[in-house]
1. Under a plain spin-label model, where a point goes 7 Å from the Cα along Cα-to-Cβ, how far apart in nm are residue 33 and residue 12?
2. Using θ = phi - 60° and the Karplus form 6.51 cos²θ - 1.76 cosθ + 1.60, what ³J(HN,Hα) does each residue of the stretch 107-116 get, whole Hz, x for Gly and Pro?
3. If you check each cysteine of the chain for another cysteine whose beta-carbon is under 4.7 Å away, which ones come up empty?
4. For the pair residue 186 and residue 285, how long in nm is the line joining their label points, each one 7 Å along Cα→Cβ?
5. Can you tell me the order of 156-163, 227-234 when each peptide is scored by its average per-residue count of other Cβ atoms within 10 angstrom, highest first?
6. Hey, any idea what % of the stretch 126-199's accessible area is carbon plus sulfur with a 1.4 Å probe?
7. Once you compute Rg and the Kirkwood Rh from C-alpha atoms, what is the Rg to Rh ratio for the stretch 170-267?
8. Among 31, 301, 291, which residue has its Cα furthest toward the positive end of the charge dipole of the chain, with +1 on Lys/Arg Cβ and -1 on Asp/Glu Cβ?
Amino acid sequence: MQIYLVGGAVRDKLLDIPVKDRDWVVVGATPREMLAQGFKQVGADFPVFLHPQSHEEYALARTERKSGQGYHGFSVYSAPDVSLEDDLRRRDLTINAMAMSEDGTLVDPFHGREDLENRQLRHVSEAFAEDPLRILRAARFAARFHHLGFRVAEDTMALMKQMAADGEVRHLVPERVWQEIQRALHEVTPVTFFDVLRECGAIQDLIPELADNDECFRNAMSALASAAGQELATECRCAALLHGLSTEQVNARTAALKAPNDCRDLSRLVVELAPLAQAPSLSAEQVLEGFNQADAWRRPGRFTLLLQTLACLPEGLDPGTHQRLRDTLEAARSVNVRSLMSQGFKGKALGEAIGLERLRVVSRYFP
């Protein structure tokens, strides 16, 4: 039995950046031998085990063969005769296909270290084309390491373009697509992720609304870059990305991507309440209607996210108006409902009285 540190941990170690997670490959072992040593099996599709003390993942060396379409269209073979090189060959990029033995010796059959030095994201083998999710992974690593000078290698980009042209992206499971997009939104330069997808043609199947309209794409990237630069929440970044779409398009795209409801709802509000960015020219009635539409009375936290996102848009909310709207909402939320009830208002009349009192408060900030 031989144990090797593999994948991202080796890559990050060589790049001299902090290693967050460590994955291990075990060569020459069987599931029975792993269990006998106290490991706990957790993998359903192939043998993955948790170390009894560290709880890190140890996977038996395996190979994969294409047997269908999409992410799950693979048959897995794992046995003691699978070599370390066989296991590394199935990985996506050469920089992720290195291993390190327990004594620190680097195992690099596909020249990943050379590609690290040359800042190249290159596919390990033609088997890359068997899994369309690898297009998104390559784009995500481009977004993660763009600031270090990494680029997708020409031959890999050519392969990705061919995969997109062949329609492979359409076979991806929406949940996996969203998982990659969500992670990409929080990479160092998330704009790079979408630049790569657009260059290879995959964005046509993923977010077609951004594929053909250059201005819409540029505005989306500008807003996303701003949201990322301010380290805003996932839903803000998603809403910034989709702000140029219509309400109907936002509903359809977030549903197709299986995006969480909070991403869908904020994206829709950003589209519908974009006029708040021009708040100085709005009347008190229009500002109050915006508060009502955003349900800012019950969801003040979400309204804060809305304002943060609007501030990221091209020609969006300026800092002064941003603070003015926040102050206005805080003052309007302080309307004393109990006092109105004590005056005899109830039912529909109470609702109208609350609205009038809130309008009076808003008018102080927006005459």
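The values are calculated or read from the model by the stated rules, or taken from the named source; none is laboratory data. Computed from a predicted structure; not experimentally measured. With ideal geometry, Cβ positions are generated from the backbone for all residues, glycine too; neighbour counts draw on all protein chains shown. Only protein heavy atoms, including side chains, enter the accessible area calculation; ligands, DNA and RNA are left aside. Shrake-Rupley method; radii C 1.70, N 1.55, O 1.52, S 1.80 Å.
1. Taking the two extended label points, one gets 2.9 nm.
2. Each residue of the stretch 107-116 in turn: 10, 9, x, 10, 6, x, 5, 4, 5, 4 Hz.
3. That list is 200, 216, 236, 312.
4. Rounded to a tenth, the inter-label distance reads 4.4 nm.
5. Final packing ranking: 156-163, 227-234.
6. It is 46 percent, rounded to a whole number.
7. 0.91
8. Most positive-ward Cα: 291.
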